[in-house]
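A quick write-up on the structure given underneath.
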Amino acid sequence: MKKVLLTGVALAALACGPALAADLPARMPVKAPPPAPVSYGYNWSGFYLGGHAGGAFGEKCFSDAFGDLGCHDHDGFAGGGQLGFNVQNNQFVFGVEFSGSWADLTGSHNDPFGVGFSDSLHSDIDTILLFTGRVGLAFDRALLYVTGGGAWVRNEFRYNDGFGFESSHSKNRTGWTVGAGLEYGLAPNWSIAVQYNYIDLGEKDVSFTTPNVAFTAQTESHVHLATARINYRFGGWGGPPIAARY
């Protein structure tokens with residue numbers, strides 16, 4: 001009788017075992033694995049150094065106590081370098097930049113109220129310096145941004161009185177600039193960009209003196225600057241732009 005009872009218990013255990021094993025995962029909670037970090041792609045953070053080349057054009061206008069002395073266009077080549085720093089927060093990029101351009105923007109026109117037969121006014125811009133901040137929105141490798149800040153320009157003015165005498169002056173002019181650009185990351189450290197800046201230099205007085213005439217002219221100037229750029233970035237600052245949530 002005892003053998004029969006033990007045999008029945010063993011058979012019941014063998015029958016219930018698979019059912020209990022199949023039901024075990026449903027009854028015991030299992031901790032889910034952490035989600036993957038959320039990445040915002042290309043890292044725009046860090047210092048960068050680069051070069052640029054392009055062209056510029058604008059208008060220079062003159063006037064004095066007797067009236068309008070006319071305007072002329074000034075245009076030419078501009079090229080140089082830039083140094084900047086970016087910080088990226090998710091899709092937003094904030095930065096500052098200093099850029100310097102050697103330029104050859106020249107123009108001239110005849111003075112309508114001159115004393116000679118071919119009186120003329122000339123201008124030449126040979127240096128453009130910009131110190132700007134910028135705010136951008138990154139779409140992985142593409143960065144669309146706006147920029148603005150201060151501008152400094154070295155300007156030379158010349159007046160020819162038409163009798164072979166000339167008066168010239170160099171003036172440092174300050175103003176402001178606004179602009180926009182599009183930058184694209186070619187590699188983790190290299191990017192290319194196109195940028196446009198409007199530069200307003202305000203008004204400034206310039207005095208001319210020759211043996212035949214002396215007068216002070218008020219000059220007003222603005223410049224449109226368009227450049228193609230290449231930058232090398234020295235690595236991210238504060239780590240890659242990743243928001244990890246667990």
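Do we find a residue being among the hydrophobic types (A, V, I, L, M, F, W, C), closer than 29 Å to TYR42 by Cα and at pLDDT 95 or above anywhere in segment 152-164?
No, because not a single residue in segment 152-164 is among the hydrophobic types (A, V, I, L, M, F, W, C), closer than 29 Å to TYR42 by Cα and at pLDDT 95 or above.
Of (1) surrounded by fewer than 19 Cβ atoms within 10 Å (Cβ to Cβ); (2) in a strand (DSSP E or B), VAL223 satisfies all except one. Which?
Status for VAL223: all satisfied but (1).
Among the numbered criteria (1) more than 30 Å from ASP119 (Cα to Cα); (2) at pLDDT below 90; (3) assigned to a strand (DSSP E or B), which single criterion is violated by PRO188?
Going through (1) more than 30 Å from ASP119 (Cα to Cα); (2) at pLDDT below 90; (3) assigned to a strand (DSSP E or B) one by one, PRO188 breaks only (3).
Considering only residues that are in contact with a Phe, Trp or Tyr (Cβ under 8 Å, 6 or more places away or on another chain) and of a type in the set (Phe, Trp, Tyr), which ones fall in segment 62-119?
PHE66, PHE85, PHE98, PHE113 - these are the residues of segment 62-119 that are in contact with a Phe, Trp or Tyr (Cβ under 8 Å, 6 or more places away or on another chain) and of a type in the set (Phe, Trp, Tyr).
If you check every pair at least six apart or on different chains, which have Cβ atoms under 7 Å apart with a residue in segment 48-66 that is not hydroxyl-bearing (Ser, Thr, Tyr) first and a residue that is not in a strand (DSSP E or B) second?
Once the first residue is not hydroxyl-bearing (Ser, Thr, Tyr) and sits in segment 48-66, its partners that are not in a strand (DSSP E or B) give PHE66/PHE113.
Any idea which of (1) closer than 30 Å to THR147 by Cβ; (2) assigned to a strand (DSSP E or B) is the one SER207 doesn't satisfy?
It fails just one condition, (1).
Please give the number of the condition TYR159 fails out of (1) surrounded by fewer than 18 Cβ atoms within 10 Å (Cβ to Cβ); (2) more than 30 Å from ASN90 (Cα to Cα); (3) in contact (Cβ under 8 Å) with a residue 24 or more places away in the chain.
TYR159 satisfies every listed condition except (1).
Would you mind finding the one in VAL178, VAL223, VAL194, VAL213 that is touching a residue at least 12 places away in the same chain (Cβ under 8 Å), aliphatic (A, V, I, L, M) and more than 22 Å from ALA53 (Cα to Cα)?
VAL213
Can you say whether PHE208 is of a type in the set (Phe, Trp, Tyr), surrounded by 14 or more Cβ atoms within 10 Å (Cβ to Cβ), in contact (Cβ under 8 Å) with a residue 60 or more places away in the chain and over 21 Å from GLY81 (Cβ atoms), as far as the supplied structure shows?
no
Kindly indicate which of THR127, THR106 is β-branched (Val, Ile, Thr), surrounded by fewer than 16 Cβ atoms within 10 Å (Cβ to Cβ) and either within 20 Å of VAL206 (Cα to Cα) or in contact with a Lys or Arg (Cβ under 6 Å, 6 or more places away or on another chain) (or both).
THR127
The values are calculated or read from the model by the stated rules, or taken from the named source; none is laboratory data. Computed from a prediction, not measured in an experiment: that's the story for all the values here. No Cβ is skipped: glycine too gets one built from the backbone with ideal geometry, and neighbour counts run over all protein chains shown.
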